[in-house]
Amino acid sequence: MGRTLIEAISADEDFRLTGALEAPGCVQLGQDAGAALGITTGVKLSADPDVALAHAQVLIDFTSPAATLRHLALCSHRGIAMVIGTTGIDSGGRAAITTASARCAIVYSPNMSVGVNVMLHLVSVAAARLDSQFDVEISETHHRHKRDAPSGTALAMGAAVAAARGVRLPEAGVFERHGETGERPVGAIGFSAQRGGDIIGDHTVLFAGAGERIEITHRSSSRMNYANGSLRAARFVADRRDGLYDMQDVLGMRAP
């Protein structure tokens, strides 16, 4: 994602790359951030957030939960806006993001793709109009290196279904099936996750009723859709002083 973001920023006249963070110990530290893409950015890869954020207006963060929270503390202290696409952040981390949003503007979304966020809207509309006699199953497939499951996007889709039906996902969600499970509970929201190869990300929400079913699917064939969505989020948040937003806000799809 870092390379893809650098490529997208370099191709967009509205943005200028001012810093690029890598993990301590990365062998590319000190090299030009565009070296892997065959371009020169004039920005060197650094493991020091103070250096990378010295001239930043917005930090786009696709790292790990621990790294994101470290960057969050710096950005909130300096009033630097953030676009957070990191997944796997726990409830404590989400609370920290909410607290920090009083001091800096943040767009936090489990998926920055415009298409995925339109799909979230469609899923919410469908769930509100199809009663609990329609069983809901959410499946996702990602590359072998992904560490969290279900994906943050799948969980967001489950949360959209739950909210539309007036239930809570922790109670309605079924995240594991093995052995003698009995009949499927009415109103359950089922999840399944597959991992393999270099699949960037596929998500499907199935509404299965008696004699009919609806499937809403999104497939990613390139990480550039996440990068382009992140730049839209950066435009949205750049001039805001504070507040917590998501891609529904960025795309103007937030329900009144």
Checklist line | Separation of alpha-carbon centers, the stretch 156-228 and the stretch 53-107, rounded to whole Å | finding: 27
Checklist line | In range of the label at Asp131: residues from the stretch 162-193 whose backbone nitrogen is under 13 Å from the point 7 Å along Cα→Cβ | finding: 187
Item checked: Other-chain or far-sequence residues with amide H under 5 Å of Met82's (modelled H) -> Leu59, Ala105, Ile106, Val107
Checklist line | Cα long-axis angle, helix 224-237 against the chain (0 to 90 degrees, to the nearest 10) | finding: 70
Check: At 222 nm, what helix-only mean residue ellipticity would the chain give, in deg cm²/dmol to the nearest 500, using -39500 (n - 2.57) for each DSSP H run of four or more?
Finding: -10000 deg cm²/dmol
Checklist line | Extension gain, Ala164 back to Asp202 (0.36 nm per residue minus Cα-Cα distance, nm) | finding: 11.4 nm
Check: Given 10 Å bins starting at zero, what is the percent of C-alpha pairs of the stretch 192-253 in each, up to the one with the largest pair distance?
Finding: 16, 32, 30, 18, 3, 0
Check: Can you tell me the Rg and the Dmax, both Å, for the Cα atoms in the stretch 114-220?
Finding: 13.5, 40
Next item on the list: Mind running the shape call on the stretch 78-132? Use the C-alpha gyration tensor, a ≥ b ≥ c as the square roots of the eigenvalues: rounded below 1.5 for a/c, prolate if a/b tops b/c, oblate otherwise.
Entry: prolate
Notebook entry, point to check: Candidates (1) 99, 41, 29; (2) 60, 40, 32; (3) 51, 39, 33; which is the computed Cα extents along the principal axes in Å?
Noted result: (2)
Item checked: Restricting the stretch 1-45 to GluC sites (Glu not before Pro) in coil, as DSSP defines it, with at most 15 other Cβ within 10 Å -> Glu13
Note to self: Give me the extension gain from Asp148 to Glu183: residue separation times 0.36 nm, minus the current Cα-Cα distance, reported in nm with one decimal.
What the structure shows: 9.8 nm
Check: Quick one: helix 152-165 against the long Cα principal axis of the chain, what's the angle to the nearest 10°, folded into 0 to 90?
Finding: 50
Checklist line | Residues Asp14, Asp202 arranged by fewest to most Cβ contacts within 10 Å | finding: Asp14, Asp202
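What do you get for trypsin sites (Lys or Arg not before Pro) in the stretch 1-61 restricted to DSSP loop and a cutoff of at most 14 other Cβ within 10 Å of the site's Cβ?
Arg16
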Checklist line | Loop-resident sites, the stretch 135-236, for GluC sites (Glu not before Pro), counting at most 14 other Cβ within 10 Å (DSSP) | finding: Glu176, Glu180, Glu183
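Bear in mind these aren't lab numbers, they're just calculated from the coordinates by the rules spelled out. Just so we're clear, the structure is a prediction, and the values are computed from it rather than from any experiment. Please note: Cβ atoms are built from the backbone with ideal geometry, for glycine as well, and neighbour counts cover all protein chains shown.
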